[in-house]
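Taking it in order: structure first as structure tokens, then the write-up.
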Amino acid sequence: MKVKRFVAQNLQFAIQQVKAEMGEDAIILDTKRRKRGGLLGFFGREVVEVTAGLPELPRSRLHPVTPGVPLPLEKREGAMLTEVRKELDEIKKMVAGLANRYPARGENEGDLFAAYHLLAAFNNLLVQNEVTVDNAAELVKKVITILPEEDLHDYGQIKECLEKIIAADLEVISPIDGSEQQVMALVGPTGVGKTTTIAKLAAKYALMQNREVVLITADTFRIAAVEQLRRYAEIIDVPLEVVLEGKELESALKRHRNKNLVLIDTAGRSQHNIVQLSELRNILSPSVQIKTLLVLSLTTKHRDLLGITEKFQRVNYDALLFTKLDETTSYGSIYNMVKSTRKPLTYVTTGQNVPDDIEVAVPETIAKLILGDN
Ligand SMILES: Nc1nc2c(ncn2[C@@H]2O[C@H](COP(=O)(O)OP(=O)(O)OP(=O)(O)O)[C@@H](O)[C@H]2O)c(=O)[nH]1
Ligand SMILES: [Mg+2]
């Protein structure tokens, strides 16, 4: 973040300088009133000192956030900026309304002006980090209703409040707990990391926690897929079953009913191929005890994530698992998808290393990442 200090006779002038020099995306980090000039601290003129920062995120990361007919790139960015402006106008009105809320305090216009700019900058930061325009505005509006207005020009207070709101919206479940037996299937598009994630979980629970683990693969679509998991099964020293259909899966589950953890790998499926998705449902649906996790790569575009989460509903997934957090610096899609699917989060994966690069998602950490603490 590029940081600069501005001094002016009042807050309004200081913010005008910030805007002129650093642009609309600047964030006010600190505001201070102090005396300048004078003698031994007396007779000085009061000035306002504003420290502003500019997040180093390229504008080109902005992308359209509502599904529908694709528009050419320039038009899309234009359409999105119009949406952002509309939301910012509403935020401006809410902030202006604060003066009416507490007329007795004789609200300082400059303070409200600063509050609006700070809130607008947070709104832009969220959008740059790929939170949808609607979600970003909703979050910022919540801040206005929660924080006392004297905190609305305090960068730290707004950030902390946003972190709390985002974290509270991110429900996390840990699908593997202490219960006797757990059966978990990973489904999702091709190449998102299903097999690697299964290997990470198997290694973690079999080698580090001495649980009895069995791997089952229903991915007979690619010859190499079975071999990939077989190699992991050999290294971790756990049994591997290969099943072609629902009935075979049921009998494999019966055979291994004494195992603590059953992990089922499936073939990557395109959200556009309804036949393949129905096949996947047919394999998994006879076994009611399966917890199905939809695996999503954080490098996938927002529009595609919307399509995937919608079309995979055919498979009745219970929760979300995000992979490849290490391959991006924008984490807003996690928030968007939890909000739009109303499904909880489970694990996130952060690299190719088996078994290290996996952890149960922590809402507070994800909230910090979404606010650019990366
Ligand atoms: N950078 C990064 N790479 C990952 C992560 N998880 C998996 N990968 C890599 O993604 C590639 C695909 O992983 P797979 O586990 O084969 O993906 P899959 O979903 O099983 O693929 P299909 O079975 O073909 O659908 C491999 O190169 C993995 O090492 C992650 O968290 N970060
Ligand atoms: Mg695979």
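Kindly provide the set of residues from region 247-290 that are free of Cβ contacts under 8 Å to residues at least 24 places away in the same chain and not β-branched (V, I, T), ordered by number. First the steps, then the outcome.
Applying the first criterion (free of Cβ contacts under 8 Å to residues at least 24 places away in the same chain) to region 247-290 yields 248, 251, 254-255, 273, 275-276, 279, 288.
Those that are free of Cβ contacts under 8 Å to residues at least 24 places away in the same chain and not β-branched (V, I, T): E248, S251, K254, R255, N273, Q276, E279.
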Open item on the list: If I ask for residues that are under 35 Å from the mean Cα position of the chain (by Cα), small (G, A, S) and more than 16 Å from ligand 2 (Cβ to nearest atom), which ones from region 239-283 would you list?
Closed with: G246, S278
Task: Criterion: open to solvent by less than 10 Å² (accessible area, probe 1.4 Å) and touching a Leu at 6+ places or on another chain (Cβ under 6 Å) - qualifying residue of L325, L293 - done: L293
Open item on the list: Looking at (1) modelled with pLDDT under 95; (2) more than 16 Å from ligand 2 (Cβ to nearest atom), which one does L305 not meet, given that it meets all the others?
Closed with: (1)
Task: Which listed residue is open to solvent by 10 Å² or more (accessible area, probe 1.4 Å), within 16 Å of ligand 1 (Cβ to nearest atom) and part of a helix (DSSP H, G or I), from K368, K339, K311 - done: K311
TODO: Say whether the condition of being open to solvent by 10 Å² or more (accessible area, probe 1.4 Å), in contact with a strand residue (DSSP E or B) (Cβ under 6 Å, 6 or more places away or on another chain) and not in a helix (DSSP H, G or I) is met by at least one residue in region 164-172.
DONE: yes
- [ ] For region 187-202, indicate whether the set of residues that are without any contact (Cβ under 8 Å) to a residue 12 or more places away in the chain, among the polar types (S, T, N, Q) and open to solvent by 40 Å² or more (accessible area, probe 1.4 Å) is non-empty.
- [x] no
Task: Qualifying residues in region 247-268 (those that are farther than 21 Å from K200 by Cβ and buried (at least 19 other Cβ atoms within 10 Å of the Cβ)) - the one farthest from ligand 1 (Cβ to nearest atom) - done: L253
- [ ] State all residues of region 220-246 that are free of Cβ contacts under 8 Å to residues at least 12 places away in the same chain and either more than 22 Å from A203 (Cα to Cα) or within 11 Å of ligand 1 (Cβ to nearest atom) (or both); if no residue qualifies, say none.
- [x] I223, A224
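The values are calculated or read from the model by the stated rules, or taken from the named source; none is laboratory data. This is a predicted model, so every value here is computed, not measured. Methodologically, a virtual Cβ is constructed for each residue, glycine included, from the backbone with ideal geometry; neighbour enumeration extends over all protein chains shown. To get the accessible areas, we keep the full protein, side chains included, count just its heavy atoms, and leave off ligands, DNA and RNA. Shrake-Rupley method; radii C 1.70, N 1.55, O 1.52, S 1.80 Å.
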